[in-house]
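**Student:** Before I ask anything, let me first share the structure, which is written out below as structure tokens.
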Ligand SMILES: C[S@@+](CC[C@H](N)C(=O)[O-])C[C@H]1O[C@@H](n2cnc3c(N)ncnc32)[C@H](O)[C@@H]1O
């Protein structure tokens, strides 16, 4: 019995790409934090089905996917399908994404929103990517996949929905969100995954979201990024009704009035 790889089988995907010693060293404190936070916030953020948060008709929706297999750093196909089902049901006019990366998820959101929906997607300019100091396991994977050598947003640039998307640039903790205050129907948070970034991005998502809107976070309940759980646990303890979508690393909040 291997307490790390048997318990978190998805970490086996890293073997052969990242030195095993680096995985064990980086994960030891993360597993301890993960266990502590799961025990602490388990009751605050329930694990639910889509139909527990949204009307059951959402799950019967149809979605369109193109070039959806993605690369290292993209969300999974199940996560992608669930985000697309949410936006296909919500029919947002305005969407904001924290963390464009290659634009794979941006493309699918554009394909599944109304023609008059506009998506704004934020990332750091390539010249500043080094300032993010991506190290350890993420650094090795980024280097191996050449993820940062590819143009940010390249999945949607040549697509038929490119004119629904605007790219904006900057570190999310220094970006001016004022022009977007209460403008967004859907916000997807998937940029920096440390506590300070998740907290700032969540506060800004809350400033941008309209009544009736939805916020989705990636890398929730993920042993590689326990800070996402720590941070969302604090928002939940303050009364925010956040849920974890079963079978995914997505957390969701539906901002309903009252
Ligand atoms: C995990 S990737 C996003 C993947 C994308 N959501 C998808 O599934 O297609 C994270 C992205 O966030 C960007 N990022 C990280 N920290 C950021 C920050 N502080 N401000 C803006 N972008 C950031 C990175 O450059 C990277 O492209």
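**Student:** Suppose we filter region 177-211 for residues that are assigned to a loop (DSSP other than H, G, I, E, B) and within 13 Å of the ligand (Cβ to nearest atom); how many remain? Steps first, answer last, please.
**Tutor:** To start, the set of residues in region 177-211 that are assigned to a loop (DSSP other than H, G, I, E, B) comprises 177, 181-183, 190-194.
Going one step further and asking which of them are within 13 Å of the ligand (Cβ to nearest atom), we end up with 177, 190-194.
Number of matching residues: 6.
**Student:** Moving on. Could you please let me know if residue 214 is touching a helix residue (DSSP H, G or I) at 6+ places or on another chain (Cβ under 9 Å), modelled with pLDDT of 95 or more and within 13 Å of the ligand (Cβ to nearest atom)?
**Tutor:** The answer is no for residue 214.
**Student:** So, one more: Among the residues of region 217-227, count how many are within 12 Å of the ligand (Cβ to nearest atom) and assigned to a loop (DSSP other than H, G, I, E, B).
**Tutor:** Narrowing region 217-227 to residues within 12 Å of the ligand (Cβ to nearest atom): 217-219, 222, 224-225.
Add one more test, that the residue is assigned to a loop (DSSP other than H, G, I, E, B), and what stays is 219, 222, 224-225.
Total meeting the criteria: 4.
**Student:** Only one of (1) surrounded by 15 or more Cβ atoms within 10 Å (Cβ to Cβ); (2) more than 16 Å from the ligand (Cβ to nearest atom) fails for residue 6. Which number is that?
**Tutor:** For residue 6, the failing item is (1).
**Student:** Quick check: anything in region 63-73 part of a helix (DSSP H, G or I) and surrounded by 13 or more Cβ atoms within 10 Å (Cβ to Cβ)?
**Tutor:** The answer is no, given that none of the residues of region 63-73 is part of a helix (DSSP H, G or I) and surrounded by 13 or more Cβ atoms within 10 Å (Cβ to Cβ).
**Student:** Can you name the residue in region 120-134 that is modelled with pLDDT of 95 or more and within 12 Å of the ligand (Cβ to nearest atom) and is also surrounded by the fewest Cβ atoms within 10 Å (Cβ to Cβ) among such residues?
**Tutor:** For region 120-134, the residue satisfying everything is 122.
**Student:** Then there's this: Just wondering, is there one or more residues in region 19-34 that are part of a loop (DSSP other than H, G, I, E, B) and closer than 28 Å to residue 72 by Cβ? Walk me through how you get there before you give the answer.
**Tutor:** First pass over region 19-34, keeping only residues part of a loop (DSSP other than H, G, I, E, B): 19.
With closer than 28 Å to residue 72 by Cβ added as a condition, the list becomes 19.
Taking every residue of region 19-34 in turn, at least one turns out to be part of a loop (DSSP other than H, G, I, E, B) and closer than 28 Å to residue 72 by Cβ.
**Student:** Another question, if that's okay. Which of the residues belonging to region 93-115 are near the ligand (Cβ under 10 Å from one of its atoms) and in a loop (DSSP other than H, G, I, E, B)?
**Tutor:** 99, 100, 101, 102, 103
**Student:** Still on this structure: Run down 83, 137 and say which single residue is more than 8 Å from the ligand (Cβ to nearest atom), at pLDDT 95 or above and not in a loop (DSSP other than H, G, I, E, B).
**Tutor:** 83
The values are calculated or read from the model by the stated rules, or taken from the named source; none is laboratory data. Keep in mind that this is a model prediction, so the values were computed, not measured. With ideal geometry, Cβ positions are generated from the backbone for all residues, glycine too; neighbour counts draw on all protein chains shown.
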